[in-house]
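Student: The structure's right below; bear with me while I get my questions together.
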Amino acid sequence: MTTHNSKFKGKAKPRWLFEEVEGSKTEGIFKSHGHYGFIEGTDLFVRGENINTALNKDKVEYVVIKNTGFVEEGKSRFEAKILSVLERYKTSYVGEVIYCGKDQSFILLDSERLKRVASFTPETDDYKIGEKVIIQLTSFDLENLQGKVIKRIGHKSDPNMEIISILEDYGVKTSFPEEVIEEVQNVNLDIERHESHPARKDFRDIRLVTIDPSDSKDFDDAIAVYKKGDNYLLYVAISDVWSYLKDARNTDVEARRRGTSIYFLDSVIPMLPEKLSNNYCSLMPHQDRCAIVFSIEIDGKGKVLWDTMDVNPGIIHSKRRFTYGEVNEFFDGENQLEREDLEVRESLTLGLELYKMLENNRINRGYIAMEFPELKMKMSPSGEITEIYPYIRKHAQIMIENFMILANEGIARLLSEKNIPGIYRVHENPDVTKILFFVEEARKLSFEIEDTNFEKITQKTISSWFRNTSSHENMDLIYLLLLRSLQKAKYSINNAGHFGLNLKHYLHFTSPIRRYPDTMVHKMLWNYLFEKNEIPKNGGDPIYCDLHDIAKDSSHAEVQSNEISKEIKNCKIIQFMNKKVDSTFKAKVVFPAKSGAYVQLEDYYVEGFVKSRVPLILGSNVLVKPIHNSKEFKLLKVL
């Protein structure tokens with residue numbers, strides 16, 4: 001057996017004529033696609049021979065190179081050549097043992113972004129083909145990756161091994177440190193102690209209810225709506241997590257490290273220990289709980305009366321735990337909720353009236369209500385998918401969303417007006433090149449867009465494109481194209497506004513059980529509004545540096561959480577489609593590529609890649625067949 005990975009090498013790639021662009025040396029993040037990649041935030045392509053030793057998400061130093069030879073039509077002459085790796089994103093990877101030798105064994109790394117083989121010297125002779133391990137890389141020659149096995153996870157035959165491997169690859173800890181467990185054991189609910197705080201008010205008479213998915217175990221928020229003369233009076237009560245975290249230092253540190261709860265399939269890895277997330281901090285029905293209560297009046301035309309806004313810590317007593325399904329049945333007239341108190345039913349009815357006005361006003365000011373199906377799965381007790389179906393939000397979900405957005409905007413306004421430090425939810429204006437790409441692709445689908453100054457595009461202009469177009473046959477695809485053209489929202493200490501919502505002030509306040517930035521907003525409210533500590537000078541206090549780091553880390557945690565959820569979902573989808581390899585499916589082209597296209601199955605909303613020698617047109621229909629153990633489909637026919 002050779003001691004080099006040469007037996008796994010691909011064919012040599014052709015070389016083009018390149019010259020370095022003077023003064024173009026800079027830094028960036030490398031995004032790997034196996035044996036090629038890109039520089040993040042640019043369209044600079046990195047050929048295999050120009051990758052150097054970079055792995056996915058490594059911080060690199062690169063230079064721009066110009067192709068002075070032949071360039072395919074539509075392709076850029078400019079590419080990137082990586083000079084060095086400045087900082088490794090990670091050095092430990094999960095992989096599968098594919099060859100066991102006495103002196104050298106080989107692992108195929110799990111990451112689709114790498115598609116590489118690494119070697120290691122086994123310390124024992126009991127490694128098995130198919131065993132999953134974690135390897136710590138020590139040599140980064142991409143054709144001869146080497147390392148040391150630091151953990152043996154199990155065998156791929158374990159039905160849960162794919163999920164375990166993904167969590168291990170991301171370094172996710174499913175249990176809490178011992179010091180956190182011990183600390184939480186000593187935390188008491190102690191409502192009497194909390195209610196004695198001079199700033200806390202009694203809201204137990206307010207007819208608050210929670211409305212959540214049927215499988216929810218932690219209840220962050222509760223709502224109530226009243227009529228006050230001609231106005232509507234909205235209450236949004238949010239779990240007062242900080243009142244329990246402030247005296248639990250180890251738990252707070254661990255929550256900060258996690259940044260967010262991770263949701264996948266029907267499971268969750270919580271940010272907070274269960275005693276807090278599902279009990280003391282959860283707004284459970286018929287139980288006294290600590291909350292921060294936001295209230296505001298809205299007039300009969302849906303205008304928010306900001307001068308009536310009030311925010312206070314309090315004690316609440318939720319009257320009922322509703323599911324979205326129950327409330328939607330009530331709104332649709334299918335369930336009269338006759339056993340519920342009249343005041344609770346009245347609150348729900350007023351909530352429906354209020355949300356419709358708020359939603360209409362949001363759309364009029366430029367908000368785009370992009371409603372398209374979300375992929376949901378039903379799981380068997382053994383963890384297998386039994387059904388894939390589209391999940392479509394209805395009135396109850398959209399009502400809660402509107403009320404939460406209003407509360408988030410209100411708290412952002414409050415912090416901004418009083419110069420209280422905070423973490424904002426920022427959504428920057430879109431890049432003009434991506435908007436132009438969207439316009440070009442949408443027009444190919446016969447979606448009418450008038451010419452305008454795309455360099456100074458506003459949300460209201462984009463919103464105007466979508467008026468009276470809900471019946472367009474490719475509406476879901478057009479929404480998907482628009483989402484891909486917009487920036488990703490992130491956390492920041494700078495209040496830069498939210499393009500997608502068309503709001504000047506926005507943050508996350510309403511989910512402190514599962515998002516750490518929300519918890520920090522609560523901390524700022526307690527420190528500087530409720531307890532009236534001196535507000536630090538803008539930028540001149542260590543709190544700003546701390547919040548900056550939290551915002552950056554939380555943005556990263558959110559991205560990672562989404563990646564984990566997507567990878568686990570894809571694994572389960574592949575298992576599901578493996579049972580249908582003999583079936584054919586109608587699909588729609590959602591993203592054409594050089595060697596084929598990404599398509600979406602009509603029946604399941606599952607996406608996958610099909611290879612094709614002929615160009616596949618965006619929005620066209622094709623007939624495909626699943627490929628065993630792959631995210632790809634076999635193209636049978638263009639319809």
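Student: Normalized C-alpha radius of gyration of region 371-413, against 2.2 N^0.38 Å? Provide the component values of the computation, followed by the final result.
Tutor: Working: Rg = 15.9 Å, N = 43, 2.2 N^0.38 = 9.2 Å.
Rg over 2.2 N^0.38 Å, computed on Cα atoms: 1.73.
Student: On to the next question. As a check on your grasp of the helix formula, calculate [θ] at 222 nm for the chain: sum -39500 (n - 2.57) over DSSP H runs of n ≥ 4, divide by the residue count, round to the nearest 500.
Tutor: -8500 deg cm²/dmol
Student: Under 17 Å between alpha carbons: how many lysine pairs meet that in region 173-313, if sequence neighbours fewer than 8 apart on the same chain are excluded?
Tutor: Number of lysine pairs found: 6.
Student: Additional query: What value in Å³ per residue do you get for the convex hull of the alpha-carbon atoms in region 96-169?
Tutor: On the way: hull volume 6.2 nm³, N = 74.
Expressed per residue, the convex hull around the Cα atoms of region 96-169 is 84 Å³.
Student: Can you tell me which of 371-377, 480-486, 276-282 comes out highest on packing, and rank the rest after it, using the mean Cβ neighbours within 10 Å?
Tutor: Per-residue Cβ counts within 10 Å, averaged per peptide and sorted highest first, yield 276-282, 480-486, 371-377.
Student: Given the C-alpha atoms of the chain, compute the convex hull and give its volume per residue in Å³.
Tutor: Values: hull volume 124.4 nm³, N = 639.
Dividing the Cα hull volume of the chain by its residue count gives 195 Å³.
Student: Show me the GluC sites (Glu not before Pro) within region 106-192 that DSSP assigns to loop and that have at most 16 other Cβ atoms within 10 Å of their Cβ.
Tutor: Here the sparse-neighbourhood loop sites are Glu112, Glu123, Glu143.
Student: Shifting gears a bit: Only bridges with both residues in region 294-405 count here: give the DSSP antiparallel percent, nearest 5. Mind dumping the intermediate values first?
Tutor: Numbers: 10 of 10 bridges.
Rounded to the nearest five, the antiparallel share is 100 percent.
Student: When the Karplus curve 6.51 cos²θ - 1.76 cosθ + 1.60 is applied with θ = phi - 60°, which whole-Hz ³J(HN,Hα) does each residue of region 44-52 get, with x for Gly and Pro?
Tutor: Here the 3J(HN,Hα) series is 7, 7, 10, 6, x, 6, 10, 6, 6 Hz.
Student: Would you mind working out the magnitude of the charge dipole of the chain relative to its Cα centre, with +1 at each Lys and Arg C-beta and -1 at each Asp and Glu C-beta, to the nearest 20 Debye? Walk me through the numbers on the way to the answer.
Tutor: Values: 89 positive and 96 negative charges, 402 e Å.
Computed about the Cα centre, the dipole is about 1940 debye.
Student: Among 80-86, 113-119, how do they line up by average Cβ neighbours within 10 Å per residue, starting with the highest? Spell out each step's value before the answer.
Tutor: Details: 80-86: 17.1, 113-119: 19.6.
Per-residue mean Cβ counts within 10 Å order the peptides as 113-119, 80-86.
Student: In region 271-345, what GluC sites (Glu not before Pro) fall in a loop by DSSP, with at most 14 other Cβ atoms inside 10 Å?
Tutor: Details: sites: Glu274, Glu297, Glu326, Glu329, Glu334, Glu338, Glu340, Glu343; in loops: Glu334, Glu338, Glu340.
Of the GluC sites (Glu not before Pro), the ones in loops of region 271-345 whose Cβ has at most 14 other Cβ atoms within 10 Å are Glu334, Glu338.
Student: Tell me which residues come under 5 Å, amide H to amide H, from Met379 once H is placed; ignore anything under 5 positions away on its chain.
Tutor: Distant-sequence amide H within range of Met379: Thr386.
Student: Just subtract the alpha-carbon distance of Glu401 and Ala199 from 0.36 nm times their residue separation and send over the number in nm, one decimal.
Tutor: Answer, rounded to one decimal: 69.9 nm.
Student: Ok, one more. Provide the three semi-axes, in whole Å and in decreasing order, of the ellipsoid equivalent to region 212-283 as defined by the square roots of 5 times the Cα gyration tensor eigenvalues. Intermediate results must be reported in sequence, preceding the final value.
Tutor: Details: eigenvalues 164, 57, 18 Å².
Square roots of five times the eigenvalues give 29, 17, 9 Å.
We did not get these values from a lab; they are worked out from the coordinates using the rules stated. The structure presented is a predicted model; accordingly, all values stated were derived computationally and were not measured. Cβ sites come from the backbone with ideal geometry, for glycine too, and all protein chains shown count toward neighbours.
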